[in-house]
Amino acid sequence: MAGGYGSRLRPLTEDLPKPMLPVGNKPLLELIVEQLKQAGIRQVNVATHYKSEVIAEHFKNGEAFGVDIRYVKEDQPLGTAGALSLIEEVDEPLLVMNGDILTRVDFRALLSFHREHKADLTVCVRQYEFRVPYGVIDTDGVLVKGISEKPMVRQFINAGIYLLNPQVRRLIPNGRPYDIPDLIERLLKENGTVVCFPIREYWLDIGKVDQYDQAKADIAAGRY
């Protein structure tokens, strides 16, 4: 999914789409394509909108990168799932990934996990924690049941990587904006099986300038 405007990264994205920002000596999207190839994936669909020509000019048909790249051009932004309605039918699980993620997740392990749990959709998650800077009051109505001073809160967050069974894609409306959370909600309402796959390897969502700076620093220091 490489069609976003990258508004939070301006002015860096005034001339380049976010997935083409250099990280180390390569564009971010090239690192992703290399990782997909290493996992045995040979057919890659790239959904584009903003400055799509920059991506197409760099990768062309993908032959130079050892994969077959096809482009799904969005005439209007279609959200995180809408472009999936425009690609060819497949009979194997479909890996969906945001084009602004730097990660070392094991895609083979993700597929095994998906099959083991007989999932319709697997969503990769990452543990996120933050410390509340205040005392948190536990209440029952107006009664105070306890107090926790500056507690640490831990939650799983959406990591922007998904594995979908072929029939799930057919739930996505054709050619109109639609997001992955909408798809998950629909699946749950229809009693589909949605499971989460925790990412313990390196993972970074490059959405803001400080995250982009971190990505470059991690590459330079060999932490990626």
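The values are calculated or read from the model by the stated rules, or taken from the named source; none is laboratory data. This structure is a prediction, so every number in the text was calculated from the model and none was measured. All Cβ positions, even for glycine, are placed from backbone atoms using ideal geometry, and neighbour counts span all protein chains on display. Ligands, DNA and RNA are stripped out before the accessible areas are found, and what is left, the full protein with its side chains, is counted by its heavy atoms. Shrake-Rupley method; radii C 1.70, N 1.55, O 1.52, S 1.80 Å.
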Exercise. Just give me the residues in the range 136-192 being aliphatic (A, V, I, L, M), over 16 Å from Val96 (Cβ atoms) and under 19 Å from the mean Cα position of the chain (by Cα), in sequence order.
Key: Ile157
Practice problem: Could you run through the range 23-53 and say how many residues are touching a helix residue (DSSP H, G or I) at 6+ places or on another chain (Cβ under 9 Å), more than 18 Å from Phe107 (Cβ to Cβ) and surrounded by 16 or more Cβ atoms within 10 Å (Cβ to Cβ)? | Solution: 7
Quiz item: Do the conditions hold for Val67, that is, is it aliphatic (A, V, I, L, M) and crowded, with 20+ Cβ neighbours inside 10 Å?
Solution: no
Practice problem: Scan (1) loosely packed, with under 15 Cβ neighbours inside 10 Å; (2) touching a His at 6+ places or on another chain (Cβ under 9 Å) for the single condition Arg186 breaks and write down its number. | Solution: (2)
Exercise. Confirm whether Val123 is under 19 Å from Leu187 (Cα atoms), touching a strand residue (DSSP E or B) at 6+ places or on another chain (Cβ under 9 Å) and either hydrophobic (A, V, I, L, M, F, W, C) or open to solvent by 70 Å² or more (accessible area, probe 1.4 Å) (or both).
Key: yes
Quiz item: Restricting attention to the range 47-64, does a residue exist that is in a strand (DSSP E or B) and at pLDDT below 95?
Solution: yes
Quiz item: Condition test on Val72, is it surrounded by 17 or more Cβ atoms within 10 Å (Cβ to Cβ) and farther than 17 Å from Tyr178 by Cα?
Solution: no
Quiz item: Between a first residue in the range 20-36 that is assigned to a helix (DSSP H, G or I) and a second residue that is not hydrophobic (A, V, I, L, M, F, W, C), which pairs have beta carbons less than 6 Å apart while being 6 or more apart in sequence or on different chains?
Solution: Met20/Pro27; Leu28/Pro19; Leu29/Pro19; Leu29/Gly99
Practice problem: Output the residues belonging to the range 197-210 that are under 17 Å from Val125 (Cα atoms) and open to solvent by 60 Å² or more (accessible area, probe 1.4 Å). | Solution: Arg200, Glu201
Quiz item: Do you know which of the residues in the range 193-208 that are in contact (Cβ under 8 Å) with a residue 40 or more places away in the chain and in a loop (DSSP other than H, G, I, E, B) is farthest from the chain's Cα centre (by Cα)?
Solution: Thr193
Exercise. Looking for whichever is modelled with pLDDT of 95 or more and in a strand (DSSP E or B) here; the options are Val153, Val125. Which one fits?
Key: Val125
Quiz item: Has the range 81-94 got at least one residue that is touching an Asp or Glu at 6+ places or on another chain (Cβ under 8 Å) and either hydroxyl-bearing (Ser, Thr, Tyr) or free of Cβ contacts under 8 Å to residues at least 40 places away in the same chain (or both)?
Solution: no
Exercise. From (1) farther than 28 Å from Tyr5 by Cα; (2) part of a helix (DSSP H, G or I); (3) not charged (D, E, K, R), pick out the condition that doesn't hold for Ala119.
Key: (2)
Practice problem: Would you check which residues across the range 158-183 are closer than 11 Å to Val123 by Cα and open to solvent by less than 30 Å² (accessible area, probe 1.4 Å) and list them? | Solution: Ala159, Gly160, Ile161, Tyr162, Leu163, Leu164, Ile180
Exercise. For residues that are in a loop (DSSP other than H, G, I, E, B) and touching a helix residue (DSSP H, G or I) at 6+ places or on another chain (Cβ under 7 Å), scanning just the range 93-107, find the one that is least open to solvent (accessible area, probe 1.4 Å).
Key: Gly99
Exercise. Answer yes if at least one residue in the range 117-129 is free of Cβ contacts under 8 Å to residues at least 40 places away in the same chain and not aliphatic (A, V, I, L, M), and no otherwise.
Key: yes
Quiz item: Is one or more of the residues making up the range 169-183 hydrophobic (A, V, I, L, M, F, W, C), part of a loop (DSSP other than H, G, I, E, B) and under 24 Å from Ser85 (Cβ atoms)?
Solution: yes
